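S.K.: Next up is a structure, given as structure tokens.
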Amino acid sequence: MRLVVGRIGKAHGLRGEVTVEVRTDDPEERFAPGAVLDTDPARRGPLTVATARVQGGRLVLRFEGVEDRTAAEGLRNTMLSIEADPDELPDDPDEFYDHQLVGLRVVTVDAREVGIVAEMLHLPTQDVFAVTRPDGREVLIPFVEEIVPEVDLDEGTVLVDPPAGLLELADPPRSAAADA
């Protein structure tokens, strides 16, 4: 199973470094020096991490064979992925890989159907579920313990206790004619 672990952003400096938008809960392992990452588009070939550091809250990598800013700029927007065992689980029982969460049913604590997890978004401040509602609209739900008290992989569900108004943010605005 192929797991996307990051997306290359801007070139950083003059020596071939790039910023990386992290899409994994295990960046220390996935981006360790010596790690080999597949690329999409594949024409860029696999990349081997030469150096990794965090600067200003961003992951900065240099890949073997990428020696200058021009080469680094050519990598922008390249997706980085790995081949992973689909049955592999994170060490922490409260952590999940994206592929484990996508497709789960989302239900409120009072048993209302919310929708299906379509995608996990790894934003700078927190992870977020992108949930497709039964009517096709999307709602974003922060993946924090106060809102998501339980993930049950065996049952295929995510239990949510949303604050007032969160689920209604996906509702279309009411028109003046509807109020008349």
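The values are calculated or read from the model by the stated rules, or taken from the named source; none is laboratory data. Predicted model only: the values in this text are computed from it and were never measured. Every residue, glycine as well, gets a Cβ built from its backbone with ideal geometry; the counts of neighbours run over all protein chains shown.
S.K.: Identify the residue in the stretch 51-66 that is of a type outside the set (Gly, Ala, Ser) and in a loop (DSSP other than H, G, I, E, B) and, among all such residues, is surrounded by the most Cβ atoms within 10 Å (Cβ to Cβ).
M.R.: Val66
S.K.: Among the strands (runs of 3 or more DSSP E) confined wholly to the stretch 103-174, which include 1 or more residues that are small (Gly, Ala, Ser)?
M.R.: Working: elements: 105-108, 113-122, 127-132, 138-142, 150-152, 157-160.
Ranges flagged: 113-122, 127-132.
S.K.: Search the stretch 133-147 for residues that are over 15 Å from Pro162 (Cα atoms) and of a type in the set (Gly, Ala, Ser) and pair each with any residue that is in a strand (DSSP E or B) and at pLDDT below 95 when their beta-carbon atoms are under 6 Å apart and the residues are at least 6 apart or on different chains.
M.R.: none
S.K.: Test each condition in (1) without any contact (Cβ under 8 Å) to a residue 60 or more places away in the chain; (2) over 20 Å from Leu121 (Cα atoms); (3) acidic (Asp, Glu); (4) not in a strand (DSSP E or B) for Asp38 and report the one that comes out false.
M.R.: Going through the list (1) without any contact (Cβ under 8 Å) to a residue 60 or more places away in the chain; (2) over 20 Å from Leu121 (Cα atoms); (3) acidic (Asp, Glu); (4) not in a strand (DSSP E or B), Asp38 breaks only (4).
S.K.: Tally the residues that are more than 17 Å from Tyr97 (Cα to Cα) and outside any loop (DSSP other than H, G, I, E, B), restricting the search to the stretch 5-35. Before the answer, list the steps.
M.R.: Filtering the stretch 5-35 for residues more than 17 Å from Tyr97 (Cα to Cα) gives 8-20, 32-35.
Narrowing the set further to residues that are outside any loop (DSSP other than H, G, I, E, B) leaves 8-12, 17-20.
Qualifying residue count, the stretch 5-35: 9.
S.K.: Given the conditions (1) at pLDDT 90 or above; (2) crowded, with 16+ Cβ neighbours inside 10 Å; (3) within 17 Å of Glu83 (Cβ to Cβ); (4) in contact with a Gly (Cβ under 8 Å, 6 or more places away or on another chain), and given that Thr48 satisfies all but one, which numbered condition is not satisfied?
M.R.: (2)
S.K.: Can you pull out the residues in the stretch 110-127 that are farther than 25 Å from Thr39 by Cβ and either at pLDDT below 80 or out of contact with any Phe, Trp or Tyr (no Cβ under 6 Å at 6 or more places or on another chain) (or both)?
M.R.: Once the filter is applied, which keeps residues that are farther than 25 Å from Thr39 by Cβ and either at pLDDT below 80 or out of contact with any Phe, Trp or Tyr (no Cβ under 6 Å at 6 or more places or on another chain) (or both), the stretch 110-127 yields Asp110, Ala111, Arg112, Glu113, Val114, Gly115, Ile116, Thr125, Gln126.
S.K.: Could I ask something else about it? Go over the candidates Val66, Val107 one by one and state the one that is assigned by TED's automatic domain parsing to the domain that holds Pro162, at pLDDT 85 or above, touching an Asp or Glu at 6+ places or on another chain (Cβ under 9 Å) and more than 16 Å from Pro27 (Cα to Cα).
M.R.: Val107
S.K.: Restrict the check to the stretch 110-118 and report whether at least one residue is among the small types (Gly, Ala, Ser), free of Cβ contacts under 8 Å to residues at least 12 places away in the same chain and either within 19 Å of Phe31 (Cα to Cα) or touching a His at 6+ places or on another chain (Cβ under 6 Å) (or both).
M.R.: Taking the stretch 110-118 first, the residues among the small types (Gly, Ala, Ser) are 111, 115, 118.
When the remaining residues are screened for being free of Cβ contacts under 8 Å to residues at least 12 places away in the same chain, the result is 111.
Applying the additional criterion that residues be either within 19 Å of Phe31 (Cα to Cα) or touching a His at 6+ places or on another chain (Cβ under 6 Å) (or both) yields none.
Checked against the condition, which is being among the small types (Gly, Ala, Ser), free of Cβ contacts under 8 Å to residues at least 12 places away in the same chain and either within 19 Å of Phe31 (Cα to Cα) or touching a His at 6+ places or on another chain (Cβ under 6 Å) (or both), the stretch 110-118 yields no hits at all.
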